[in-house]
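Structure in structure tokens, see below.
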Amino acid sequence: MPHLTRKIPHALSIVTLALLAACGGGGGGGGGGGFGFIPPASGGNGGGDPPAAASTTLSGTVATGAAFAGAALTVFDQTGAKVCEVTTTPEGTYTCTLPAGTKAPLVIQAVRDDLTLYSTTASTATGTTNVTPLTTIIVAQLAPNGDPSKLAAAIQADAGAVTAGSISDKVAKLVAALQPLLDALNMSIDPMSGEFQANGSGQDRVLDTISVSVRPDGAAANIEITVKGQPTDDASKPVSLVFRSDDATIEPVQGMATISLGTAPPTPAMVQALLERINACYALPLNQRVNSPINQDGNAFGTAANVVAPECRTLFVGDSPENFVAAGVPIGRVAGGARRSFDSLFRFGPTNLKHDRGNFEYFYKNGDIALTYRWTDILGNTDNDVFNARVVDGALKLTGNADTYRAFVRPQLEKKDYLKHQNLVFHSVGYALSVDNVRDGMGNPILAKVVATTESLPGRQLVLVPKSGLNSLVLTPDGTIASGLNSSIWRMSARYLDPAQTGSPNDFENANLFASPFIGDDDLRKIPDQTVWKLEFFRADGVTPNVVQYVRTFSRVPTIAEAVQTPLVELVPAVRADLLAESQGSARGIVFGPTSLVDPNNADFSADGNLDAWVVPNGALAPTSFSVFGRAPGPSGARFSETVTVRNTNRKAIVYCVPVAPLPDAHCAPANNNSYQYAEGSSLSTFTFVARTARQVDVRKNFEVWTVTP
């Protein structure tokens, strides 16, 4: 890896097109006589039915509410053999012909992207076995240490690990715990073998009305079922059921009176239709989407009034993009200042942007809904994001919100790998609080501070303040601007990978905010997925009234035990060795040498020979962004960061220096063609990979090359 003080390491010769950010603005039957649990019809005893004398057919619905279409479904028999491998249909169904001699019990696994659903049956007879979040709970309860992926191996070791009786017992207890919800819906369910379609009716209505999380932590699985009812107030607590996979009993869900189920959730077909209409808008070339002049860079500026294509205008409530405002920001794209909503409509890069994997997450007080989805551009860049929508005449339309400021709270798990100090490698979990540092016409912050609280963590208060040169507010240890740190991530707990390492990461990570004392896993797992955060905004002028906004998460913060179980991206050995070697001589990390117009200083992150710089282990999320952090030249050089989007299939990246106002920016120097390179003496200390789950959890892996001093 030559010239590492100039390059990090040298390789990529083609700059990936800047296709940034999706267009975001802001889980049959089953009915019948009686309510509650319909016992499964599957038979079997002891270690399951005798081997099937002839081939039989196993079928069912695979759904989270929405059809789990295009999933790779595998059936394992008692011996661990794969007796069926199929792909689920667009309707989320499957059919497997089990060969003669198949031995029960069976385990079914359906995999799509980062989500895996499980089910099981103690019989090889022809019949129905569904695969849903509820059946995944049953498998977790039967599996060793609550890990549903381990049940097939457990059955192989002991065929008696699953019987018809044990399945029936777990199902009955789960349905009893859900009975208040089923009563409210006037419905009965048989999660395992009740026939239904993923169309929003019957048993699928139950799935549409709940979110399910199953999180193994090495000892058991932490399970949460959240009811997606319409809250009476923006600050209303979620109605959820939290338990462990090894709990002998499950308390019935509480709080049904605090929400309304009168408004039916959008059907999966409605969600899919909205995404297809969005895709139709972005399938149009830029000069058909908008009537603004196209600039030399191929993009345009304009306002909502310049969005002229009917395919685009009819996406919004009232068929009017002009009425859309999210966090006080209208639709459009401007040459300078804060980014506007749906600015992707004015850029050529997002042409043919695809949206899929839509999922209804929750209601707002006014009946609007939050939808998570995945976007993918023509180069393969992809990420998960959120839309707000409203049901209008039986169809979903995009809508803004009444918020004044752009702000969100996301849970996060992180692993920091200190290349020079392997004893200091640690996992941490917490929340990232993001609030834009809004400025006035003179460039001064208009916010003095933002105070964040949540009833899920009583007695705790987080304060964010503006900091010079940063576009987002940062956390503080004491609530004052003078004490502003370098990030907005609150690390609630942390643990060294090396059990022999004493002390705590907050002993030397003094530029970041850690909870003191750390919050234990027992308390973290009690935090609900849909945690409601109250954000109070204080204006710098001291006159404008405070504004209060509420943010609801899609998932809770992971526990440390869950974080340790999560596979993460890793550097290839050659890159790790070179980064370590090139940073040994500097406490600040890797320092750039003299600038050059022929061979400019770029952060070129690949192995010698243009080979891959990182690997993504099985079960890990591929990163969708890559960032470098460092300092400008000089003893007190200002901190900087640059981030690029990377495709899920990419395993190398290049980062260019991007100056920030006011110019000149000391960490950048001129290069060719009005571009920039890193200035001599600029240093890089941290390389960060980030992926985001469908439930909006940020998964981070940091590689640190700076020297830690006590």
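Within the stretch 262-308, which residues are crowded, with 18+ Cβ neighbours inside 10 Å, part of a helix (DSSP H, G or I) and at pLDDT 95 or above?
274, 275, 277, 278, 281, 282, 286, 289, 304, 306
Which of the strands (runs of 3 or more DSSP E) found entirely inside the stretch 634-700 contain at least 1 residues meeting this: closer than 21 Å to residue 606 by Cα, modelled with pLDDT of 90 or more and not hydrophobic (A, V, I, L, M, F, W, C)?
Of the strands (runs of 3 or more DSSP E) lying wholly inside the stretch 634-700, those with at least 1 residues that are closer than 21 Å to residue 606 by Cα, modelled with pLDDT of 90 or more and not hydrophobic (A, V, I, L, M, F, W, C) span 639-645, 676-678, 683-692.
Which members of the stretch 540-565 meet the condition of being of a type in the set (Ser, Thr, Tyr) and either assigned to a loop (DSSP other than H, G, I, E, B) or in contact with a helix residue (DSSP H, G or I) (Cβ under 7 Å, 6 or more places away or on another chain) (or both)?
Hits for the stretch 540-565 are 544, 553, 555, 559.
Please state which one of 139, 175 is out of contact with any His (no Cβ under 8 Å at 6 or more places or on another chain), under 15 Å from residue 118 (Cβ atoms), among the β-branched types (Val, Ile, Thr) and modelled with pLDDT of 95 or more.
On inspection, the qualifying residue turns out to be 139.
When you scan the stretch 58-107, how many residues do you find that are outside any loop (DSSP other than H, G, I, E, B), open to solvent by 20 Å² or more (accessible area, probe 1.4 Å) and over 20 Å from residue 269 (Cβ atoms)?
Count: 10.
Right, next: If the requirement is being open to solvent by 10 Å² or more (accessible area, probe 1.4 Å) and either at pLDDT 95 or above or over 30 Å from residue 686 (Cβ atoms) (or both), which of these qualifies: 451, 425?
451
Between a first residue in the stretch 76-98 that is under 14 Å from residue 129 (Cα atoms) and a second residue that is charged (D, E, K, R) and part of a strand (DSSP E or B), which pairs have beta carbons less than 9 Å apart while being 6 or more apart in sequence or on different chains?
Partner pairs satisfying both residue conditions: 76/82; 88/112; 96/85.
Conditions (1) aromatic (Phe, Trp, Tyr); (2) touching a strand residue (DSSP E or B) at 6+ places or on another chain (Cβ under 6 Å), marked per residue:
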residue: 281; (1), (2): no, no
residue: 293; (1), (2): no, no
residue: 304; (1), (2): no, yes
residue: 318; (1), (2): no, no
residue: 337; (1), (2): no, no
residue: 342; (1), (2): yes, yes
residue: 346; (1), (2): yes, yes
residue: 361; (1), (2): no, yes
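Give the residues of the stretch 595-654 that are basic (Lys, Arg) and under 29 Å from the mean Cα position of the chain (by Cα), sorted by residue number.
Within the stretch 595-654, 639, 647, 651, 652 qualify.
Suppose we keep only residues that are buried (at least 22 other Cβ atoms within 10 Å of the Cβ) and within 31 Å of the chain's Cα centre (by Cα) within the stretch 149-169. Which one would you say is farthest from residue 248 (Cα to Cα)?
152
Return the total of residues in the stretch 340-361 being aromatic (Phe, Trp, Tyr) and open to solvent by 20 Å² or more (accessible area, probe 1.4 Å).
Final tally of qualifying residues: 1.
Here is a follow-up. Please state which one of 259, 250 is among the β-branched types (Val, Ile, Thr), at pLDDT below 95, open to solvent by less than 50 Å² (accessible area, probe 1.4 Å) and over 22 Å from residue 349 (Cα atoms).
Being among the β-branched types (Val, Ile, Thr), at pLDDT below 95, open to solvent by less than 50 Å² (accessible area, probe 1.4 Å) and over 22 Å from residue 349 (Cα atoms) holds for just one of 259, 250, which is 259.
Among the residues of the stretch 491-505, are any more than 22 Å from residue 338 (Cα to Cα) and in contact with a Leu (Cβ under 6 Å, 6 or more places away or on another chain)?
Within the stretch 491-505, not a single residue is more than 22 Å from residue 338 (Cα to Cα) and in contact with a Leu (Cβ under 6 Å, 6 or more places away or on another chain).
Continuing with this model, one more query. Exactly one condition in (1) open to solvent by less than 40 Å² (accessible area, probe 1.4 Å); (2) modelled with pLDDT under 95; (3) closer than 19 Å to residue 553 by Cβ is not met by residue 374; state its number.
Among (1) open to solvent by less than 40 Å² (accessible area, probe 1.4 Å); (2) modelled with pLDDT under 95; (3) closer than 19 Å to residue 553 by Cβ, residue 374 violates only (1).
Table: residues versus (1) more than 27 Å from residue 559 (Cα to Cα); (2) open to solvent by 40 Å² or more (accessible area, probe 1.4 Å).
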site	(1), (2)
606	yes, no
620	no, no
634	yes, no
648	no, yes
653	yes, no
692	no, yes
695	no, yes
702	no, no
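Can you find a residue in the stretch 594-604 that is open to solvent by 30 Å² or more (accessible area, probe 1.4 Å), on the phi > 0 side of the Ramachandran plot and not in a strand (DSSP E or B)?
No, the conditions are met nowhere in the stretch 594-604.
The values are calculated or read from the model by the stated rules, or taken from the named source; none is laboratory data. Since this is a predicted model, take the numbers as computed values, not measurements. Ideal geometry is used to build each Cβ from the backbone, glycine not excepted, and the neighbour counts take in all protein chains shown. Surface areas here come from the heavy atoms of the whole protein model, side chains and all, with no ligands, DNA or RNA. Shrake-Rupley method; radii C 1.70, N 1.55, O 1.52, S 1.80 Å.
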